[in-house]
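Asker: To start, I am sharing the structure in question, which I have written as structure tokens.
The values are calculated or read from the model by the stated rules, or taken from the named source; none is laboratory data. Given the structure is predicted, the values throughout are model-derived calculations rather than measurements. Every residue, glycine as well, gets a Cβ built from its backbone with ideal geometry; the counts of neighbours run over all protein chains shown. When the accessible area is computed, the model is the full protein with side chains, heavy atoms only, and any ligands, DNA or RNA have been set aside. Shrake-Rupley method; radii C 1.70, N 1.55, O 1.52, S 1.80 Å.
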Amino acid sequence: MPQGQIEQVRRFNRTVTERVGVLHDRYLGRDRPIGEARLLWEIGAGGQDVRRLRERLGLDSGYVSRLLRSLEADGLVAVEPQPRDRRVRTVRLTEAGLAERALLDDSSDELAGAILEPLNADQRARLVAAMAEVDRLLTAGTVTLDVVDPDHPDARHCLLSYFAELRERFDTGFDPERSLLPDAGELRPPHGLFLVARTHGEPIGCAGLKLPPGAPAEIKRMWVAPHARGLGLARRFLADLEARAVRHGCEALRLDTNKALSAAIGLYRSFGFQEVAAFNDEPYAHHWFEKPLPVTGSSPGPRPAARPRATR
């Protein structure tokens, strides 16, 4: 990593921590540090699962427990085991906690106003736009790609959300029973795999890879949650699955898609996929794509041309 970039990130971090007041043990003028204040905000009016809080904030269980004990001692939160599974704890704000959270929100609004107020209109617009870009890029850096079983709850959540979106976007609707959905066994090693993207423990996307013996690898059911689009996740899925297909010794990578998914079609073409003749009978497909892959262990040479697209 270039040292100049490292130094700029460190300088940015120092400026932000000083400007927003996180160096003080009384954040926003209240009687608590920023860790406790942030926890109150994350718990929210509806309460939260303690494990989810840890995942959301990237904190270890011991530190979260200490923060919760402090807030509980101040009468701001109540921590209780779930009736169905006493190993799982939930935390909710008390009336005093809700009032404290409201005060923190008001103080936070005042701080944001104090940051923007000395700037002219053009500077404010530039700062807000830059903050939005930094937020987007920092969020992209928190996303993990994990191989999971296709029946994992996070995988099922993504697939059901994906099917619901297809029903809305396709002219004919979408019925999973009509589609050539891969059997779960086709997306389990050694026949394939299924990736789930998560940020702060929340599943935000998925993609499957079929690895049939003696045939091209095939990408199936790639989806990114609407609120996570713009993070470069779809391109990251493609790069990860392509690398896995290469390591598996596949000579080509395939996928099919519907004409309604124009953004996806543009992405595939920009990623080096070429349109080819139909290679399956998927009723919802209008376009079929293939990308030649380098053979592992051999020097790069001319790649074979993709088969011409069939006249349909």
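Asker: Using the alpha-carbon centroid of each, what span in Å lies between the range 177-252 and the range 53-67?
Answerer: Centre-to-centre (Cα) distance: 31 Å.
Asker: A further question follows. If the label point is 7 Å along Cα→Cβ of residue 180, which residues in the range 239-277 have backbone nitrogen under 14 Å from it?
Answerer: Those under the cut-off are 254-258, 276-277.
Asker: Something else: Net charge near residue 225, counting Lys/Arg +1 and Asp/Glu -1 over other residues with Cβ under 15 Å of its Cβ?
Answerer: Counting the neighbours of residue 225, the net charge comes to +3.
Asker: Further question: With +1 on each Lys and Arg Cβ and -1 on each Asp and Glu Cβ, how big is the dipole of the range 252-299 about its Cα centre, in debye rounded to the nearest 20?
Answerer: Details: 4 positive and 5 negative charges, 38 e Å.
It works out to roughly 180 debye.
Asker: Once the piece of chain linking residue 23 and residue 126 is laid out straight, how much longer is it, given 0.36 nm per residue of separation minus the C-alpha distance between them?
Answerer: 34.5 nm
Asker: Placing +1 at every Lys and Arg Cβ and -1 at every Asp and Glu Cβ, with all other atoms neutral, what dipole size does the chain have around its Cα centre, in debye to the nearest 20?
Answerer: So the magnitude is around 800 debye.
Asker: Estimate the FRET efficiency between residue 239 and residue 57 by the formula 1/(1 + (r/R0)^6), using the beta-carbon distance for r and 30 Å for R0, to the nearest 0.05.
Answerer: Working from the Cβ atoms, E equals 0.60.
Asker: Now for a different question. Sort 55-61, 203-209 by packing, meaning the average of other beta carbons within 10 Å per residue, with the highest value first.
Answerer: 203-209, 55-61
Asker: I've got another one for you. Kindly report the accessible area of the range 1-122 per residue (heavy atoms of protein chains, probe 1.4 Å, no ligands, DNA or RNA), in Å².
Answerer: Value for the range 1-122: 66 Å² per residue.
Asker: Which Cys residues of the chain have no other Cys beta carbon under 4.7 Å away?
Answerer: 250
Asker: In whole percent, and with a 1.4 Å probe on the protein chains, what portion of the accessible area of the chain is carbon and sulfur?
Answerer: 52 percent
Asker: Hey, another quick one. Considering the dipole of the range 94-227 built from charges on the beta carbon (Lys and Arg +1, Asp and Glu -1) around the Cα centre, which of 173, 214, 195 is farthest to its positive end?
Answerer: 214
Asker: Another question about this same structure. Against the longest principal axis of the chain, how steep is helix 34-43, in degrees 0 to 90 to the nearest 10, with axes from Cα atoms?
Answerer: 60 degrees
Asker: Still on this structure, please answer the following. Only helical DSSP H runs with n ≥ 4 go in: add -39500 (n - 2.57) per run for the chain, normalise by residue count and round the 222 nm mean residue ellipticity to 500 deg cm²/dmol. Write down the numbers at each step before the final one.
Answerer: Values: 9 runs with 133 residues, N = 312.
Only helices count here, giving -14000 deg cm²/dmol.
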